[in-house]
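Encoded as structure tokens, the structure appears first; notes follow it.
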Amino acid sequence: MANLKSSKKDILRSRKRRGRNLNVRSRVKSAVRKARVASAAGDPVVASEMTRQACRLLDKAASKGAIHKRQAARRKSRIARRLKESLAATEG
């Protein structure tokens, strides 16, 4: 345990920040999972909406620093690619 008052405060701030980041990352994971499932199901309207929501949450998480901006970009790219492939499969 820390001895200095500032160190104790820093530990409390770190715990608070960690909890907030875990919450944000959990919401992002759920949204990405829903987007993947919707793309696999083949319903283009639902899949595009879920992908849009997931991209929005990824951007928010990256701007808050909960995840790295390149990780957000990579995940957005992957779910967009899945959506595009599923749309192509349903059309043709």
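The values are calculated or read from the model by the stated rules, or taken from the named source; none is laboratory data. What you are looking at is a predicted structure, and each value in this text was computed from that prediction instead of being measured. Note that each Cβ is placed from the backbone with ideal geometry, even for glycine, and that neighbours are counted across all protein chains shown.
Candidates are the residues of the stretch 43-63 that are among the polar types (S, T, N, Q) and in contact (Cβ under 8 Å) with a residue 12 or more places away in the chain; the one that is nearest to ALA88 (Cα to Cα) is SER48.
I'd like to know if the stretch 69-87 contains one or more residues that are at pLDDT 95 or above, among the small types (Gly, Ala, Ser) and out of contact with any helix residue (DSSP H, G or I) (no Cβ under 7 Å at 6 or more places or on another chain). The answer is yes; a qualifying residue exists. Answer yes if at least one residue in the stretch 4-25 is surrounded by 12 or more Cβ atoms within 10 Å (Cβ to Cβ), part of a helix (DSSP H, G or I) and touching a helix residue (DSSP H, G or I) at 6+ places or on another chain (Cβ under 6 Å), and no otherwise. For the stretch 4-25, residues surrounded by 12 or more Cβ atoms within 10 Å (Cβ to Cβ), part of a helix (DSSP H, G or I) and touching a helix residue (DSSP H, G or I) at 6+ places or on another chain (Cβ under 6 Å): present.
Of the candidates ALA72, ALA40, ALA31, ALA66, the single residue that is touching a residue at least 24 places away in the same chain (Cβ under 8 Å), part of a helix (DSSP H, G or I) and surrounded by 14 or more Cβ atoms within 10 Å (Cβ to Cβ) is ALA31.
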